[in-house]
1. Can you tally the net charge around Glu46? Count Lys and Arg as +1, Asp and Glu as -1, for every other residue whose Cβ sits under 13 Å from the Cβ of Glu46.
2. In Å², what does the accessible area per residue of the stretch 4-91 work out to with a 1.4 Å probe?
3. Taking K and R as +1 and D and E as -1, what net charge do the other residues with C-beta under 15 Å from the C-beta of Leu108 add up to?
4. Return the calculated 222 nm mean residue ellipticity for the chain, to the nearest 500 deg cm²/dmol, obtained by summing -39500 (n - 2.57) across DSSP H runs with n ≥ 4 and dividing by the residue count.
5. Counting each pair of different Cα atoms once, what's the Kirkwood radius of the chain in Å, rounded to one decimal?
6. How do the peptides 104-112, 160-168 rank, highest first, by the average count of neighbouring beta carbon atoms within 10 Å per residue?
7. Determine the sum of side-chain charges near Leu119: Lys and Arg each +1, Asp and Glu each -1, restricted to other residues whose C-beta is under 9 angstrom from that of Leu119.
8. Provide Trp71, Trp124 ordered by accessible surface of protein heavy atoms (probe 1.4 Å), highest first.
Amino acid sequence: MRVLVTASSRGIGFNVARELLKRNARVVISSRNPERLQKAKKELAEFGEVHAVRANLYDQGDLENLVKTSWELLCGVDALVWNAGNVRCEPCLLHEAEYIDWLEAAALHSVAPGYLTTLLLQTWLEKGMKGTLVYLNSVSVKEPMPPLVLADVTRAGLIQLAKSVSRTYGKKGIRAYSVLLGSFDTPGARENLRQLSEERGEPFEETWEREVLSRTPLHRTGRWEELGSLVAFLLSEEAEYMLGSTVVIDGAMTRAVDI
């Protein structure tokens, strides 16, 4: 399978790309940081065929080039795994957010995945191809975390996007899923919580324990092989009847129950 993984030079995107490579996928990774992107490509190369494309997810031209170049490098794209980092002001509360922060959050968590979806749909439909979209999201859209309110509000639309894609194009073999993640040990997560711990004047370890480890009965973060197996399953034909689904992988950290 030929897979494009966004924001994948480190953290969640990087580790998902590695897990897919280990499962024999051919992968394009992306980042707006060229140095970090090349470093990630070298580290991932031992696991399989990986290509790197620099892309700023806020830039229309970069999004278009990302799809075009990925298609050329892989001779086609079968799937997108959408991932995104944090907006610059986070962690921040509502009263701290400025207009530009809301614009940035909407551009990153709504416009960019929506436009990438449009670009891929157009090509898949033109060529009569099947395709799969997996939007990596957060369980905080179900049980909000106030310091991440901008992301929570703007990422919530990915659930609607996955369902809409599947309802409209499922009969053509195009399906989409939204995956709500709990806590995974990433540089971004640690940076956010380190800032939070500094603002509260407490040791980082105490913040990590309370905000991450103690939230789940497993008292740990998610493992990359667990997330990789889930994403690989959703990309497979075995998950076809689940099209449009919202899947939670959070170690039971959220208290919300959907009936």
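The values are calculated or read from the model by the stated rules, or taken from the named source; none is laboratory data. Predicted, not measured: the structure shown is a model, and the values here were computed from it. Cβ: placed from backbone, ideal geometry, glycine included. Neighbour counts: every protein chain shown. Just so you know, the surface numbers come from the protein's heavy atoms only, side chains and all, with ligands and any DNA or RNA stripped out. Shrake-Rupley method; radii C 1.70, N 1.55, O 1.52, S 1.80 Å.
1. Counting the neighbours of Glu46, the net charge comes to +2.
2. Per-residue accessible area for the stretch 4-91 comes out at 42 Å².
3. Values: positive: Arg32, Arg88, Arg155; negative: Asp59, Asp62, Glu90, Asp101, Glu104, Asp152.
Local charge sum for Leu108: -3.
4. One gets -14000 deg cm²/dmol as the mean residue ellipticity at 222 nm.
5. 18.6
6. Averaged packing, sorted descending, gives the order 104-112, 160-168.
7. Overall, the nearby charge balance is 0.
8. Ranked list, largest accessible area first: Trp71, Trp124.
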